[in-house]
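Engineer: Here you go, one structure.
The values are calculated or read from the model by the stated rules, or taken from the named source; none is laboratory data. In this text the structure is predicted, and so the values were computed from the model without any measurement. Neighbour counts are summed over all protein chains in view; Cβ atoms, including those assigned to glycine, are modelled from backbone coordinates with ideal geometry. These area figures cover heavy atoms from the full protein model, side chains too; ligands, DNA and RNA do not enter into them. Shrake-Rupley method; radii C 1.70, N 1.55, O 1.52, S 1.80 Å.
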Amino acid sequence: ALDYIREGLIGYYTGRGRSNTDENKNILPDLSGNGNDLENKNFAYTPESGYGDGYIQYDGVDDFSSVVKAMTNLDFTILFTISDVELLTGNSWSGLIYGSSYYIGINMGIIFSSENRYLINCYVYISNKGKEIFVVGCVNGGKENKVIGITLGSINNSPIYACKQKIYDALIYNRELTEEEIKHNYKASCQYNGEDIDGKAGENNEF
């Protein structure tokens, strides 16, 4: 059994092991051990808005999970495993981290985007089922990236950019992962989420 790379991991969120009847269902815990827990906002805790089988279902209307947490770093790598994306607005974001003048996350459900083009590499892997999408983005602008907070299901601690989707895993690292480490995490994601470990690999896009 594979596990995600732990070195430099500062945020780790998943729907595995969660249910809509959990006593602490309003909190999405940070499994990295760094205490960056997220608070679920506007969830109905139903199949359309809450926890599912290994994932978090965001309704695309006003659901999001967020924490305001200042971080400053030169390098970030973020990982998403998502599926069943439906764009209900013209500017939907899956998340992840945001600052005073930029976002780093998945825009429109499929495009890894950085507001100020701090992005170095983007890896997109599509599984054999054709639904699950694994995305990694490495950020290094040679300048401090001052983060204000973390948001899943939207961006900027706001429901305005809500995206309807299932999020299985979201991880944040304070360093740039190597290509081998990213491939390892892809295989770990496949195992965790019941996918074929030999899923199709997409292109490595440079920004």
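Engineer: Amide H of ASP37 versus every other amide H placed in the peptide plane: which residues, excluding those fewer than 5 positions away on the same chain, fall under 5 Å?
Structural biologist: ASP30
Engineer: Quick one: which of 22-31, 176-185 comes out on top by average Cβ neighbours within 10 Å, and what's the full order, highest first? Before the final figure, lay out each step's value.
Structural biologist: Working: 22-31: 15.1, 176-185: 16.7.
Highest to lowest by the protection proxy: 176-185, 22-31.
Engineer: Now a separate question. Quick one: which residues, 5+ away or cross-chain, put their amide H under 5 Å from the amide H of GLY149? H built at 1.01 Å from N.
Structural biologist: Those lying under 5 Å, H to H, from GLY149 are LYS69, TYR98.
Engineer: Moving to a separate point now. Please give the FRET efficiency for MET108 paired with ASP3, using the beta carbon to beta carbon distance and R0 = 35 Å, rounded to the nearest 0.05.
Structural biologist: 0.70
Engineer: Quick one: accessible area per residue over the range 1-91, 1.4 Å probe, rounded to a whole number of Å²?
Structural biologist: Working: 4190 Å² over 91 residues.
Accessible area per residue, the range 1-91: 46 Å².
Engineer: Further question on the same structure: If you plug each phi of the range 42-57 into the Karplus form 6.51 cos²θ - 1.76 cosθ + 1.60 with θ = phi - 60°, what whole-Hz ³J(HN,Hα) values come out, in order, with x for Gly and Pro?
Structural biologist: The phi angles translate into 6, 6, 8, 6, 10, x, 8, 7, x, 8, x, 7, x, 9, 10, 9 Hz.
Engineer: Per 0.36 nm of contour for each residue apart, how much would the distance between ASN42 and ASN157 grow if the chain were fully extended, relative to their Cα-Cα spacing? Present the calculation step by step, with values, prior to reporting the outcome.
Structural biologist: Numbers: separation 115, 0.36 × 115 = 41.40 nm, distance 1.22 nm.
Contour length minus the Cα-Cα distance gives 40.2 nm.
Engineer: Share of the range 4-46's accessible area from carbon and sulfur, percent, 1.4 Å?
Structural biologist: On the way: 920 of 2120 Å².
C and S fraction of accessible area: 43 percent.
Engineer: In addition: Relative contact order, percent, of the range 41-85 when contacts are C-alpha pairs under 8 Å separated by at least 6 residues?
Structural biologist: Numbers: 29 pairs, mean separation 13.1, N = 45.
Reported as a whole number, the value is 29 percent.
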